[in-house]
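Asks: Provided herewith is a single structure, encoded as structure tokens, for subsequent inquiry.
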Amino acid sequence: MYIATVPNRNSPPAILLRESYREDGKVKNRTLANLTHWKPERIDALGRALKGEFDGLSGAPQSGEIYRCRLRPQAARR
């Protein structure tokens with residue numbers, strides 16, 4: 001997934017969340033969401049998250065690995 005900025009002739013550019021995939025050996029793009037009306041800070045945060053930078057606003061990449069996770073059965077959660 002990636003964020004693409006698509007120019008429009010007489011309008012502001014469209015900002016789209018897109019995905020690349022292959023179909024019959026050809027590369028194609030699928031638009032997942034239109035982000036044009038999002039605030040620029042929110043679009044930047046999504047772009048950083050897609051690149052794997054999970055630490056907030058500093059821009060330094062973090063590992064994002066989960067070392068331990070314990071899930072309880074649904075009936076035990078109360």
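Asks: Across the stretch 20-78, which residue is modelled with the highest pLDDT among those that are among the aliphatic types (A, V, I, L, M) and assigned to a loop (DSSP other than H, G, I, E, B)?
Replies: Kept after step one, since they are among the aliphatic types (A, V, I, L, M), are these residues of the stretch 20-78: 27, 32-33, 35, 43, 45-46, 49-50, 57, 60, 66, 71, 75-76.
Now drop any that are not assigned to a loop (DSSP other than H, G, I, E, B), which leaves 35, 57, 60, 66, 71.
Values: L35: 95, L57: 54, A60: 54, I66: 61, L71: 67.
Of everything passing the filter in the stretch 20-78, L35 is modelled with the highest pLDDT.
Asks: I would also like to ask the following. Restricting to the stretch 38-53, count the residues that are surrounded by 15 or more Cβ atoms within 10 Å (Cβ to Cβ) and free of Cβ contacts under 8 Å to residues at least 40 places away in the same chain.
Replies: Qualifying residue count, the stretch 38-53: 4.
Asks: Separate question: Give me the pairs: first residue in the stretch 22-37 and under 14 Å from N8 (Cβ atoms) and touching a residue at least 40 places away in the same chain (Cβ under 8 Å), second residue small (G, A, S) and surrounded by 10 or more Cβ atoms within 10 Å (Cβ to Cβ), beta-carbon distance under 6 Å, and six or more apart or on different chains, which are they?
Replies: No pair meets every condition.
The values are calculated or read from the model by the stated rules, or taken from the named source; none is laboratory data. Note that the structure is predicted; figures quoted are calculated from it, not measured. Cβ: placed from backbone, ideal geometry, glycine included. Neighbour counts: every protein chain shown.
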